[in-house]
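Just below is one structure, and these are the notes that go with it.
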Amino acid sequence: MRLLSLLFCLLAAALAPTAPGRAEVAAIPATAIDPATPDPALAEMLFSTPGLALQREAGGVPGWTARKDGVVVGHIGSTWEIAGSVGYSGRPLDVLVAITPDGHIAGARLMAHNEPVLTLGISDSDIAAYVDGFAGYDLTRPRDEALADAPGLPDVISRATVSTGVIRDGILRTARTLAIGRGILASGGGIDRLGFAPADWPALIAAGALSEVRLSMDEAATGLAGAKVPVPPGPGDFLHLWTGLIDPPSVGQNLLGQQGYTAAIGALGPGEAALAVMTSGLQSHRGTDWRKTGVFDRLAVIQGGTRINPAAENYSMVKRLAIAGAPEMKEISIFRLPPAIDPLAPFQVEVRATRPTETGSVALTVAADYRLPDAYRIAPPPEPAPLWREIWAEKRVQTGIVAAMLAILTLVLFAQEWITRRPRLWFISRAGFLTTTLVVLGWGLNGQLSVVQVVAFVHSLLTGFRWETFLIEPVIFLLWSFTALGMLFWGRGVYCGWLCPFGAAQELANLAARRLGVRQIAVPQALHERLWVMKYTAFMAILALSFYSMHDALILAEAEPFKTAISLRMFRAWPFVAYVLALIGAGLFIERFYCRYLCPLGAGIAIPAKLKIFDWLKRRPQCGRECRLCETKCTVGAIDPLGRINANECVLCLRGQVIMNPAATCPVLTRRARAAAAEGAQP
């Protein structure tokens, strides 16, 4: 069932018209790894400040606050804990990011990763230098594209473009989220403090600038029943309350006039807002006790778990409103709201009325719900595009080339019967396509699939499938999508025989060797079949080891020569180069020697390829009984002595179809032609 899930998820990737956003993907469980925890020594290194103490902040945006002598020096957050950053390997990627109170990145430290391109071929010092390069970056700058060169950001590492782009994206997202959570950066949007439009009282009420609630004398008499001095019932107002923020000029300037508005707003501190509370009726929202206690205990502002009673020093009285059409007011108050109240989030204003009774007191609360209307807000900046979209936009040309190659290959495979009836056309088409695969797709676009990606995919199915993980590299995504779909139609040969750059290199090298007269070695069928065990063993060993140590599995995956021969173009230490040359050398005598016996990737995709539901390769009843020509001519040994094609070994080269079509080469057709000629010659 796991293999079925693997194939169906790949097919879903291939057939999906668009990729979903972040909210639509299944998240990797938080238990995948524990977020890295900084110690004081690491914090001192990140902030270049000795004698720091760390305190864990679990609420809101989680992280750690670094202090020295009680003064906040900065904050530290984990990219895995805050942003859920995942590398191209499909496994968590954790970087500790330190930010300063003035909105700069103090430093960053890579704590955990499983990136294959980082582990193999690039030194730890290169990665450390790259991550260290974020120190000093100003978070107030507009967000830069993940792969674009930008002042203050380190350049992505050549040959590790996607993975270093993932690291950059995780660091910047985490740093900004942490800065917003600690109040260092604005969360985007805010109150429109510049726009102004004249309005009268009915217009402000209609726009929702003020929240209104009314309690009649009859309702108050019922609610305060039992008071020593009863509230007389009647149709009048016990309390008529209007309340709202006056920070937007279209509200405050219209209500108070220019001078009154300037006086109210000019007294605000950083993060504060101005709240107007206006009432008429019998009940006062201020009372007189505040003059003694310094707190307006009748009035409360409530938001979530925060409840505040305004202090006397945050109060100013307004005698009359400047706006036309306003009703008569008994009391008009302006209160400064502290930063603990978010003016962009809904809150509630309560006025409490109490009356003494014979046994204690009775209370009645009037509450007005308020939310700043959208008309008085600045639209927040658009959410930055997902990293994979930036990468696809950056690689439009590469994806176009790959899409064109896949379209051509599709035409070749669907028109195989027409092509194979023309041997010269087949030869030119195949040799030309394999050359393009090696030079353009492999060396040019680094479009070489790897068993590492198969392992990463299996792990993603077990720990939480994420589209972003596989969309992050367009060329590889297109190849895997086409390979997954092609396995249903043609089997594993659609990739191994046509789209694998190293496979193309082997076949082209062997073609040149045969043209030069190099004698080919025919491996006995019994030995040939037993040697297949090696590649399946290699695949299972890499997969099993990955559950113990992904790092060790990636090292074992060096059994693949792809990185040396294709990604690094042979610019590597001599043992790796010697290994590649040995494989190519063996392939001069045994075509596709590596593909036949050693390739763990071929083994990995051969297993789900058994689900192939079409059989495009033509066979005749006489194949394997009266004629074994295709078996002897198959250069990869994919046809057994009985004439059956082993889909696990067939690379879909179509050579067998070329042989069996012309009467001049197929013995069965030759005998038929002779028999027909003999019958026609009889009188």
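The values are calculated or read from the model by the stated rules, or taken from the named source; none is laboratory data. On a predicted model such as this, the values are computed, not experimentally measured, just so you know. Cβ sites come from the backbone with ideal geometry, for glycine too, and all protein chains shown count toward neighbours. Heavy atoms of the whole protein, side chains included, go into the accessibility calculation; ligands, DNA and RNA do not. Shrake-Rupley method; radii C 1.70, N 1.55, O 1.52, S 1.80 Å.
Looking at segment 534-557 only, could you name the residues that are open to solvent by less than 60 Å² (accessible area, probe 1.4 Å) and aliphatic (A, V, I, L, M)?
A538, A541, I542, L543, L545, M550, A553, L554, A557
Do any strands (runs of 3 or more DSSP E) entirely within segment 284-393 hold 1 or more residues that are basic (K, R), and if so, which?
On the way: elements: 299-303, 306-308, 315-317, 331-337, 347-356, 361-370.
In segment 284-393, the matching strands (runs of 3 or more DSSP E) lie at 306-308, 331-337, 347-356.
Looking at (1) within 15 Å of C595 (Cα to Cα); (2) crowded, with 24+ Cβ neighbours inside 10 Å; (3) modelled with pLDDT of 85 or more, can you tell me which one L531 breaks?
(2)
Quick one: count up the residues across segment 629-680 that are in a loop (DSSP other than H, G, I, E, B) and at pLDDT below 65. Talk me through it step by step, then tell me what you get.
Just the residues of segment 629-680 that are in a loop (DSSP other than H, G, I, E, B), to begin with: 634-638, 640-644, 646-654, 661-666.
After this cut, where a residue has to be at pLDDT below 65 as well, the list is 662-664.
Adding up the residues that qualify gives 3.
Which one of these does V402 not meet: (1) among the β-branched types (V, I, T); (2) open to solvent by 20 Å² or more (accessible area, probe 1.4 Å); (3) modelled with pLDDT of 85 or more?
Unmet for V402, out of (1) among the β-branched types (V, I, T); (2) open to solvent by 20 Å² or more (accessible area, probe 1.4 Å); (3) modelled with pLDDT of 85 or more: (2).
Taking the condition under 31 Å from the mean Cα position of the chain (by Cα), farther than 30 Å from L256 by Cβ, of a type outside the set (D, E, K, R) and exposed (fewer than 15 other Cβ atoms within 10 Å of the Cβ), does A393 pass? Spell out the reasoning first.
Details: under 31 Å from the mean Cα position of the chain (by Cα): yes; farther than 30 Å from L256 by Cβ: yes; of a type outside the set (D, E, K, R): yes; exposed (fewer than 15 other Cβ atoms within 10 Å of the Cβ): yes.
So A393 fits the description; yes.
Scan segment 215-240 and report the pairs whose first residue is free of Cβ contacts under 8 Å to residues at least 24 places away in the same chain and whose second residue is among the β-branched types (V, I, T) and assigned to a helix (DSSP H, G or I), with Cβ atoms within less than 6 Å and a gap of 6+ or a chain change.
Every condition considered, no pair remains.
Looking at K330, K319, can you tell me which residue is touching a strand residue (DSSP E or B) at 6+ places or on another chain (Cβ under 6 Å), open to solvent by 30 Å² or more (accessible area, probe 1.4 Å) and under 13 Å from M278 (Cβ atoms)? Before you say what the answer is, go through the steps one by one.
Numbers: K319 fails: touching a strand residue (DSSP E or B) at 6+ places or on another chain (Cβ under 6 Å).
Going through K330, K319 in turn, just one is touching a strand residue (DSSP E or B) at 6+ places or on another chain (Cβ under 6 Å), open to solvent by 30 Å² or more (accessible area, probe 1.4 Å) and under 13 Å from M278 (Cβ atoms): K330.
Conditions: (1) part of a loop (DSSP other than H, G, I, E, B); (2) under 25 Å from C650 (Cα atoms); (3) of a type in the set (A, V, I, L, M). M570 meets all but one. Number of the miss?
Only one criterion is unmet by M570, namely (2).
Looking at segment 408-443, which of its residues are part of a helix (DSSP H, G or I), more than 12 Å from A504 (Cβ to Cβ) and open to solvent by 50 Å² or more (accessible area, probe 1.4 Å)?
Quick first cut of segment 408-443, residues part of a helix (DSSP H, G or I) only: 408-414, 416-420, 423-443.
Next cut, more than 12 Å from A504 (Cβ to Cβ) only: 408-414, 416-420, 423-429.
Scanning segment 408-443 gives I408, L411, F414, E417, W418, P423, R424, L425, F427, I428.
State all residues of segment 192-210 that are outside any loop (DSSP other than H, G, I, E, B) and surrounded by 18 or more Cβ atoms within 10 Å (Cβ to Cβ); if no residue qualifies, say none.
Filtering segment 192-210 down to residues outside any loop (DSSP other than H, G, I, E, B) leaves 201-207.
Scanning segment 192-210 gives W201, L204.
Looking at G517, is it open to solvent by 20 Å² or more (accessible area, probe 1.4 Å), part of a loop (DSSP other than H, G, I, E, B) and among the small types (G, A, S)? Working first, answer last.
Working: open to solvent by 20 Å² or more (accessible area, probe 1.4 Å): yes; part of a loop (DSSP other than H, G, I, E, B): yes; among the small types (G, A, S): yes.
So G517 fits the description; yes.
Of T410, T469, which residue is β-branched (V, I, T), within 19 Å of the chain's Cα centre (by Cα) and either at pLDDT 85 or above or closer than 29 Å to I542 by Cα (or both)?
Values: T410 fails: within 19 Å of the chain's Cα centre (by Cα).
The unique qualifying residue is T469.
Are any residues in segment 212-247 in a strand (DSSP E or B) and at pLDDT below 90, and if so, which ones? Show your work before the answer.
In the first step, residues of segment 212-247 are kept if they are in a strand (DSSP E or B); the result is 212-216, 227, 237-245.
Across segment 212-247, the qualifying residue is only A227.
May I ask you to say which residue of A512, A456, A504 is within 30 Å of I33 (Cβ to Cβ) and aliphatic (A, V, I, L, M)?
Values: A512 fails: within 30 Å of I33 (Cβ to Cβ); A504 fails: within 30 Å of I33 (Cβ to Cβ).
Only one candidate qualifies: A456.
Of these, A263, A276, A267, which one is of a type in the set (G, A, S), within 24 Å of P202 (Cα to Cα) and either open to solvent by 30 Å² or more (accessible area, probe 1.4 Å) or at pLDDT 90 or above (or both)? Before the answer, list the steps.
On the way: A263 fails: within 24 Å of P202 (Cα to Cα); A267 fails: within 24 Å of P202 (Cα to Cα).
From the options A263, A276, A267, the qualifying one is A276.
For segment 90-120, how many residues are at pLDDT 75 or above, part of a loop (DSSP other than H, G, I, E, B), at negative phi and open to solvent by less than 20 Å² (accessible area, probe 1.4 Å)?
1
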